[in-house]
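The values are calculated or read from the model by the stated rules, or taken from the named source; none is laboratory data. Remember, predicted model here, so these are calculated numbers, not experimental data. Heads up, the Cβs are rebuilt from the backbone with ideal geometry, glycines too, and the neighbour counts pull from every protein chain shown.
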Amino acid sequence: MNGNAPPAPDADFTVTTLATRAMEPDSWQAVEEIFFLSAAPRDFATPNERREFLNRWTGYYLECEPENFLLAIEPRGRVAGYLSGCVDSRGAARLYRDIPYFGLFEDYFAAYPAHFHINCHPRFRNRGIGTTLVEAYLERCARDGLPGVHVVTAAAARNVAFYRRCGFDVSATRRWRGEDLMFLAARL
């Protein structure tokens, strides 16, 4: 194994969809916990502000594409990480409203129509789970005939190296509110 390859999962994690586990209330609670452990803002003025923040980043995927909301389940049945995906970025009108910079790279959406957000619980990071989720999503998108998938992150973020290891070799950088955002894409 070379030094740039992602680690192989060190346990038998399975990938399923949130739609499949919808009747298990702990699944959404785990996603919410992982989301807030991974989110930059840690403090919110009110519970409503906290709910709105969660809804801005997960609501569309939960309501409109639950079949593309993937969960990594560890052997004891706990959610170790999730990937929330959208197969038609251009057609996801709600995301243009919810995520202020969403349309910043719209000129790439025809070639790379699908996108995703991914988070793993801190105790399960660096164990290959993120790679497993990304590979599962890329396989779904390829099977559906999509030409490519993209992500957007801060240009200086640690996760840029992760996406590059996952095959996201097309990139562009643009400024938004004083920060460089990076578009990373993979052809399918």
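What pairs can you find where one residue is in region 129-146 and free of Cβ contacts under 8 Å to residues at least 60 places away in the same chain and closer than 12 Å to residue 84 by Cα, the other is hydroxyl-bearing (Ser, Thr, Tyr) and surrounded by 18 or more Cβ atoms within 10 Å (Cβ to Cβ), and their Cβ atoms are less than 9 Å apart, with a gap of 6+ or different chains?
As it stands, the answer is 134/163, since those pairs meet every condition given.
Of all residues in region 98-112, which are of a type outside the set (Val, Ile, Thr) and within 16 Å of residue 60 (Cα to Cα)? So that I can check it myself, show each step before the final result.
So the first thing to find is which residues in region 98-112 are of a type outside the set (Val, Ile, Thr), and the list is 98, 100-112.
Those that are of a type outside the set (Val, Ile, Thr) and within 16 Å of residue 60 (Cα to Cα): 98, 100, 101, 102, 103.
Go through (1) more than 14 Å from residue 108 (Cα to Cα); (2) surrounded by 15 or more Cβ atoms within 10 Å (Cβ to Cβ); (3) more than 15 Å from the chain's Cα centre (by Cα) and name the single condition residue 160 misses.
Among (1) more than 14 Å from residue 108 (Cα to Cα); (2) surrounded by 15 or more Cβ atoms within 10 Å (Cβ to Cβ); (3) more than 15 Å from the chain's Cα centre (by Cα), residue 160 violates only (3).
When only residues in region 97-108 that are surrounded by 14 or more Cβ atoms within 10 Å (Cβ to Cβ) and in a helix (DSSP H, G or I) count, which is modelled with the lowest pLDDT?
Ranking the qualifying residues of region 97-108, first place goes to 98.
Would you mind finding the one in 45, 93, 39 that is without any contact (Cβ under 8 Å) to a residue 60 or more places away in the chain and within 19 Å of residue 149 (Cα to Cα)?
93
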